[in-house]
Amino acid sequence: MKVANGYEYVAMLEEVAPKKLAMENDPIGLQIGDLSKKVRKVMFTLDVLEEVVEEAVRKNVDMIIAHHPFLFRPLKKIDMATAEGRMIRKLIKHDIIVYAAHTNLDIADGGVNDILAKLLALQNTTWIVPTHTENYMKIAVYVPEDSVEHVRLALMQNGAGKMGAEYEECSFRTYGTGEFKPSKKANPTIGKKGELTSVGEVKLEAVVPHSVADKVVKAVRIAHPYEEPAIDLIHLQNLKEEKGLGRIGTLKKEKSIEAFIEDLKGALAIDHVRFIGDPSKIVKKVAIIGGDGNKFIHDVKRSGADVYVTGDIYYHTGHDLLAIDLPTIDAGHNIEKVMKSYLKNVFEERAENLKYEAEFIVSEVHTDPFTFL
């Protein structure tokens with residue numbers, strides 16, 4: 001068993017919620033600490049509050065992975081008389097890493113909004129607000145037949161060969177003959193200098209996201225037996241992957257919004273919601289954006305949703321929602337706590353496969369600041 005460091009757990013998190021998905025100016029990533037440190041216990045939390053830090057110290061946690069960045073705005077000073085200053089002092093004193101995955105975890109497949117949509121039993125879901133487009137390329141490399149599998153693994157292990165969310169390790173092989181004449185300065189793996197050489201080769205092709213194309217090419221060059229391998233990169237106009245914020249889907253059976261609210265409270269384990277609109281209206285199509293959903297109300301209206309589920313709706317936004325006739329359930333920002341158990345399960349499974357020695361826990365601190373009396 002291996003004791004992994006913080007960088008290795010960040011790499012694990014990147015597989016779930018790539019940083020490239022984060023919205024502009026979102027301060028995700030390392031908040032405090034040394035990622036080279038060995039990590040034996042990881043704790044997942046929605047918020048990093050003083051009580052959460054105290055819990056981490058008490059439970060001998062090495063790394064906190066949070067949804068909400070606690071250093072959301074640049075610090076002008078660290079005042080130890082404040083809760084924020086005390087947190088920073090305790091984190092440094094006890095050598096605890098804090099790392100945040102925020103809007104990237106909201107947008108990612110399987111992330112916060114997908115979890116919420118699943119809990120609400122939404123079907124045929126798609127995103128509401130487009131945030132990220134990944135263009136694709138096709139890589140083709142010519143490989144001697146006895147080295148094909150080695151090069152294929154280099155492609156697949158570095159991000160090539162994925163088609164949508166359902167298929168991976170996709171490639172195509174074409175068999176043929178490669179010819180080349182090494183110069184006097186060459187150091188050929190096959191053939192002799194100055195002589196025309198014919199070799200049975202395979203043209204190995206796969207799709208690759210544009211963002212990792214350089215990484216894939218580098219890996220192929222390292223794995224390839226030739227001194228100068230032939231590698232083609234072709235931009236694909238007909239293939240791209242789009243991701244976005246929020247989810248919209250349909251209920252299996254239509255029902256009144258009032259009945260839907262009761263189901264929602266049970267599914268999300270909450271006692272109260274705020275509601276804007278007519279609760280007797282019938283709902284079939286549901287939109288959900290975890291967290292603060294104020295600025296997306298017109299995107300949701302255009303999506304054709306019968307009801308909008310989100311959090312932190314402002315007073316005047318409530319008037320706007322009435323004006324555009326978009327019934328809205330403010331279920332609170334704290335419903336995003338569903339990410340804690342999700343990440344715990346993902347990390348446990350992947351750590352087991354990688355033979356990492358570690359313990360994963362979720363914070364037991366209730367971080368919702370609101371109490372309904």
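Scan the stretch 328-373 for residues that are open to solvent by 20 Å² or more (accessible area, probe 1.4 Å) and part of a strand (DSSP E or B) and jot them down. 356, 359, 361, 362 - these are the residues of the stretch 328-373 that are open to solvent by 20 Å² or more (accessible area, probe 1.4 Å) and part of a strand (DSSP E or B). In this structure, residue 14 qualifies as part of a helix (DSSP H, G or I) and under 30 Å from residue 114 (Cβ atoms).
Among the residues of the stretch 234-249, count how many are in contact (Cβ under 8 Å) with a residue 60 or more places away in the chain and surrounded by fewer than 17 Cβ atoms within 10 Å (Cβ to Cβ). Of the residues in the stretch 234-249, 7 are in contact (Cβ under 8 Å) with a residue 60 or more places away in the chain and surrounded by fewer than 17 Cβ atoms within 10 Å (Cβ to Cβ). Only one of the numbered conditions (1) in a loop (DSSP other than H, G, I, E, B); (2) without any contact (Cβ under 8 Å) to a residue 60 or more places away in the chain is not met by residue 95, and that is (2). On the given criteria, is residue 325 in a loop (DSSP other than H, G, I, E, B), of a type in the set (D, E, K, R), closer than 26 Å to residue 55 by Cβ and open to solvent by less than 90 Å² (accessible area, probe 1.4 Å)? For residue 325, the condition - in a loop (DSSP other than H, G, I, E, B), of a type in the set (D, E, K, R), closer than 26 Å to residue 55 by Cβ and open to solvent by less than 90 Å² (accessible area, probe 1.4 Å) - is not met. Residues to consider are 232, 292; find the one that is charged (D, E, K, R) and either farther than 30 Å from residue 204 by Cβ or in contact with a helix residue (DSSP H, G or I) (Cβ under 8 Å, 6 or more places away or on another chain) (or both). Just one listed residue meets the conditions, 292. Any residue that is of a type in the set (Lys, Arg) and over 17 Å from the mean Cα position of the chain (by Cα) - is there at least one of those in the stretch 108-122? Within the stretch 108-122, not a single residue is of a type in the set (Lys, Arg) and over 17 Å from the mean Cα position of the chain (by Cα). Screening the stretch 170-192 for residues that are surrounded by 13 or more Cβ atoms within 10 Å (Cβ to Cβ) and farther than 30 Å from residue 136 by Cβ and picking the one that is nearest to the chain's Cα centre (by Cα) gives 189.
All told, residue 303 meets the bar of being among the polar types (S, T, N, Q) and open to solvent by 10 Å² or more (accessible area, probe 1.4 Å).
The values are calculated or read from the model by the stated rules, or taken from the named source; none is laboratory data. From a predicted model like this one, the values you see are computed outputs, not experimental measurements. FYI the Cβ positions are ideal-geometry reconstructions off the backbone, even for glycines, and counts take in every protein chain you see. Only protein heavy atoms, including side chains, enter the accessible area calculation; ligands, DNA and RNA are left aside. Shrake-Rupley method; radii C 1.70, N 1.55, O 1.52, S 1.80 Å.
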